[in-house]
Amino acid sequence: MAVAEVAIEKKPDREPLYYVENPPAGPRVQAFLDAFAAILRHSNYRFVMDLYARTAAQCGRCATMCQVYQFSGDPEDIPCHRSKLLLDVYRRHFTWNGSLRARLWNDPGLTEEKLDELAESLWKCTACRRCSLECPLGLDHGLITHLGRWVLSEIGIIPKALKVSVREQLQGKTHNTSAVPVKAMLNSLEFLEEELEEATGVAVKFPVDVEGAEYVFFAPVSDYLMEADTLMGIAAVMHAAGTSWTIGTGNFDGINYGLFYSDWVLGEVLGQAAAEIRRLGGKKMLIGECGHASRAAKAFMPTFGGDNPPPVVNIIELTHQALRDGKLDFDPDAVTERITYHDPCNIARSGWIVEQPREILKSFCKNYVEMSDGGKANYCCGGGGGSVSIDEMNPYRMTVGGRRKAEQLRASGADIVIAPCANCKKQIREIIDAHEIPIEMMGLHDLVMRAIRLK
């Protein structure tokens, strides 16, 4: 299948920001407006857009919070400017007073050039929502970015990397973003069980297709290929806590790229997960170390999970509760390195999971230090909003999007940074290599695995 490289930058001397598979061949403006109209008609976004179109200002205070603008210095990267691009389209084409003014002033509205500018701007945003902490009017610029990307995706303007992964997840044989067959997943679990027993002297199992378990577990499928220590640490916690859980062979991928660009994809992926939980008779959905998978499920399972949608729990919450209940025994001398923690935007920005991982780490780490601007106000890893999966954006992620995180990592003086999110792990590993920072990246449960003592 041929891959077309489409320059969506409006300045001709720039490299393509991302690759588009089979980009629209004909006039795109009317197609964009038709898709926008359909989404407004069949969703609740019209109310939001109408409110924002009436109240939006460009005071620029959000610029002080945006790590992209801090390093690009381009006024077009200021969040309120990016939002204005889509709000102007809404005002001009979907409000009566905008249409009236357009006739009086002969305003052509959306053009091909403006569409290119919008497409570029939307994918330079990491959708971290840090700007929302500073907006005096409470605008959610991340939500506007998401809506704009959804409209673009409906007319075929979407990074190929995301489109291909979602196609395999929704239509492929494996139903997961990395196309990992069930047999390969089972072989990986068998290997991890052997490693766990060798490391702890205890037979720790990864239960599979157990009916009636309290938790049905969904990790980012990439964990089964690249994050063995994370999975072993999670299994060790579940064993120590005596928790009933299982992994389903019908669906075991927690990744949900719909959160980045399409409510339709978001709902379809969650529907598959809910169906698997019902197939097994499970009671709750347990998400592994993945920030976007956790937020996608926690926030949207009530909407897309059908009748009686399963409650959603992140593994950090479960581990934290097991610690408080006295079910976890840690060796206080197992970790002597200087440890710091990176807050994934999707679980920290709302204040959902902030103190829990810190309490876990401090329970067995002798030398824990905070990273600057941690907690709710953390800086994004620089690969948020799905951009970490777009390899051709790596240079941009290293020099602009992830530059602030590189500075934070270096300034912490830590030996190990803990990042409990699949996307953050990939991005931070690349940052460490690109900026030659003397620090090691680990998942939270990787470190838990080093310190936990099992019986």
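Values quoted throughout were computed directly from the atomic coordinates according to the rules given, and no laboratory measurement underlies them. Quantities reported herein were computed from a predicted structural model and do not represent experimental measurements. Ideal geometry is used to build each Cβ from the backbone, glycine not excepted, and the neighbour counts take in all protein chains shown.
Summary table below
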| quantity | calculated |
| --- | --- |
| Rg/Rh ratio calculated on Cα atoms of the range 175-322 (Kirkwood radius) | 0.95 |
| For the chain, cysteines whose Cβ has no other cysteine Cβ within reach (under 4.7 Å) | CYS59, CYS66, CYS80, CYS125, CYS135, CYS290, CYS365 |
| Separation of alpha-carbon centers, the range 99-123 and the range 258-312, rounded to whole Å | 36 |
| Mean Cα-pair separation over length for the range 175-322, i.e. relative contact order, pairs under 8 Å, 6 or more apart, % | 25 |
| GLU337-LYS283 pseudo-label distance in nm [points 7 Å out on the Cα-to-Cβ vector] | 3.7 |
| Antiparallel content of DSSP bridges confined to the chain, in %, to 5 | 15 |
| Length gained when the stretch ARG61-ASP325 is fully extended (0.36 nm per residue, less Cα-Cα span) | 90.7 nm |
| Cβ charges +1 (Lys, Arg) and -1 (Asp, Glu), total dipole of the chain, debye | 1580 |
| Net length gained if the chain between GLN30 and LEU186 were fully extended (0.36 nm per residue, minus Cα distance) | 51.3 nm |
| Kirkwood Rh, Cα atoms: Rg over Rh of the range 251-365 | 1.04 |
| Förster radius 35 Å - calculated FRET efficiency between ARG453 and ARG46 (Cβ-Cβ, nearest 0.05) | 0.05 |
| Convex hull (Cα only) mean projected area of the chain, reported in nm² to one decimal | 22.1 |
| R0 of 35 Å, Cβ-Cβ distance GLU355-GLU193: FRET efficiency to nearest 0.05 | 0.60 |
| Inter-part distance where the range 387-445 and the range 352-372 are each reduced to a Cα centre, Å | 19 |
| Order of TYR368, TYR396 under a 10 Å beta carbon neighbour criterion, fewest first | TYR368, TYR396 |
| Cβ-based net charge around ILE277, under 9 Å, with every Lys or Arg adding one and every Asp or Glu removing one | +3 |
| Kirkwood Rh and Cα Rg combined as Rg over Rh, evaluated for the range 331-451 | 0.95 |
| Calculated FRET efficiency for the pair GLN171/ASP107, C-beta based, R₀ 41 Å, to 0.05 | 0.50 |
| Sorted by Cβ density within 10 Å, fewest first, the residues LEU162, LEU192 | LEU192, LEU162 |
| The chain - mean residue ellipticity at 222 nm from DSSP helices (-39,500 (n - 2.57) per run, n ≥ 4, rounded to 500) | -15000 deg cm²/dmol |
| Radius of gyration and maximum dimension Dmax of the range 29-158, Cα, Å | 14.3, 40 |
| Footprinting exposure proxy for TRP123, TRP264, TRP150 (fewest neighbouring C-beta atoms within 10 Å first) | TRP264, TRP150, TRP123 |
| Where a label projected 7 Å from the Cα of ALA179 along Cα→Cβ would reach, residues of the range 385-415 with amide N under 19 Å | 389-392 |
| Packing-based order for 320-326, 104-110, using average beta carbon neighbours within 10 Å, highest first | 320-326, 104-110 |
